[in-house]
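> Sending over a structure as structure tokens; questions will come in a sec.
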Amino acid sequence: MTRREWLVGIGATFGAWHLPARTAMAAPTVARDAVDHLLLGAADLDAGIAWFEARTGVKAAIGGVHPGAGTRNALASLGHRQYLEIIAPDPAQSAFNFQIDLRRLTSPRLVTWAAASADVDATAAAAAEAGYKVFGPRDGSRARPDGVMLRWRTVGVLAGFAEADVDPTPFFIQWAADSRHPSNDSPAGCRLAALEIRHPDPARLQNVLRNLGIDAVVAKSATTGLRATLDAPKGQLVLD
């Protein structure tokens, strides 16, 4: 299973869609507004939570585990229908199958992101028509600690930009209308102010994102990366 397939399967565990109902490939949405959630990788979840709290003043709440993948996470709201997922190895699981080796990270960093879609079927069809390899749509669900069941559908797009520790191409997520978005009940206080994307071939990546309905400015860089700026109680925090 590829990292993209795994992310589509579990990265959506706490996501939701927030865009108005529209055809998935209509006028592109600005990247910052397209974000459903950001995945911040960490080698240790408790340390990642403490790192984030020290810099923002917000303590992310434990979200859940991903059986078989060897990971667990914690969540913090980024405002209206956007949130941050801190994802780390789960020491209670004997196998680690997340294909970004979070265990080797020396500090928390952004590893990928999820974009909201009002119609993942249309997103998948348009991506396939554009010539990209598509995973899904797939149905997913999980039970919250209070027993409420959350349901979603996701689709991943393999566009050829993934590297060992980061994938700048998001996977897409749409939640059932009766599912509560994590930004509503995760610790609040932060807001997503900006999302920047870097790549050695910015025009090619920018064109792919636009074909997927996302209007992004991609900066030329020797390495591939994501950078998010958060407004937080302790001031601005830049996540790379």
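> Sort through TRP152, TRP113 and tell me the only one that's touching a Gly at 6+ places or on another chain (Cβ under 7 Å) and buried (at least 20 other Cβ atoms within 10 Å of the Cβ).
Answer to the selection: TRP152.
> Can you list residue pairs whose Cβ atoms sit under 7 Å apart, with the first residue in the range 182-194 being over 15 Å from ARG32 (Cβ atoms) and the second being in a loop (DSSP other than H, G, I, E, B)? Count only pairs 6 or more apart in sequence or on different chains.
PRO182/ALA16; PRO187/VAL58; PRO187/LYS59; PRO187/ALA60; GLY189/GLY57; GLY189/VAL58; GLY189/PRO233
> Are there any pairs with C-beta distances below 7 angstrom linking a residue in the range 201-223 that is more than 17 Å from ALA126 (Cβ to Cβ) to a residue that is modelled with pLDDT under 95 and of a type in the set (Phe, Trp, Tyr), with the two at least 6 apart or on different chains, and if so which?
LEU205/PHE161
> Please count how many residues of the range 107-135 are in a helix (DSSP H, G or I) and either within 21 Å of LEU39 (Cβ to Cβ) or among the hydrophobic types (A, V, I, L, M, F, W, C) (or both). Walk me through it before giving the result.
The first filter runs over the range 107-135 and keeps only residues in a helix (DSSP H, G or I), leaving 120-129.
Restricting the remaining residues to those that are either within 21 Å of LEU39 (Cβ to Cβ) or among the hydrophobic types (A, V, I, L, M, F, W, C) (or both) gives 120, 122-128.
So the count comes out to 8.
> If you take the residues in the range 89-111 that are modelled with pLDDT of 95 or more and touching a helix residue (DSSP H, G or I) at 6+ places or on another chain (Cβ under 6 Å), which one is farthest from ALA162 (Cα to Cα)?
Residue satisfying both the conditions and the ranking: PRO89.
> So which residues in the range 96-110 are within 25 Å of ASP139 (Cα to Cα) and touching a Gly at 6+ places or on another chain (Cβ under 7 Å), if there are any at all?
PHE96, ASN97, PHE98, ILE100
> Let me ask something else about it. Can you go through GLY131, GLY136 and tell me which one is small (Gly, Ala, Ser), modelled with pLDDT of 90 or more, on the phi > 0 side of the Ramachandran plot and touching a strand residue (DSSP E or B) at 6+ places or on another chain (Cβ under 6 Å)?
Only one candidate qualifies: GLY136.
> Please specify each residue of the range 188-223 satisfying the condition of being surrounded by fewer than 20 Cβ atoms within 10 Å (Cβ to Cβ) and assigned to a loop (DSSP other than H, G, I, E, B).
Matches in the range 188-223: ALA188, GLY189, PRO200, ASP201, VAL217, SER221, ALA222, THR223.
> Follow-up. I'd like the residue in the range 166-187 that is part of a loop (DSSP other than H, G, I, E, B) and over 15 Å from the mean Cα position of the chain (by Cα) and, out of all such residues, is surrounded by the fewest Cβ atoms within 10 Å (Cβ to Cβ).
ALA177
> Out of the residues in the range 171-201 that are more than 21 Å from THR29 (Cα to Cα) and in contact with a Gly (Cβ under 9 Å, 6 or more places away or on another chain), which is modelled with the lowest pLDDT?
For the range 171-201, the residue satisfying everything is PRO182.
> Might you check whether a residue that is exposed (fewer than 15 other Cβ atoms within 10 Å of the Cβ) and touching a residue at least 24 places away in the same chain (Cβ under 8 Å) occurs anywhere in the range 68-77?
At the first step, the residues of the range 68-77 found to be exposed (fewer than 15 other Cβ atoms within 10 Å of the Cβ) are 68.
Checking the rest, the ones that are also touching a residue at least 24 places away in the same chain (Cβ under 8 Å) come to 68.
Within the range 68-77, one or more residues are exposed (fewer than 15 other Cβ atoms within 10 Å of the Cβ) and touching a residue at least 24 places away in the same chain (Cβ under 8 Å).
> Restricting attention to the range 224-240, does a residue exist that is among the β-branched types (Val, Ile, Thr), surrounded by fewer than 19 Cβ atoms within 10 Å (Cβ to Cβ) and at pLDDT 95 or above?
Yes; the residues of the range 224-240 include at least one that is among the β-branched types (Val, Ile, Thr), surrounded by fewer than 19 Cβ atoms within 10 Å (Cβ to Cβ) and at pLDDT 95 or above.
The values are calculated or read from the model by the stated rules, or taken from the named source; none is laboratory data. As the structure is a computational prediction, the values presented were derived from the model and not from experiment. All Cβ positions, glycine included, derive from the backbone under ideal geometry; neighbour counts span all protein chains shown.
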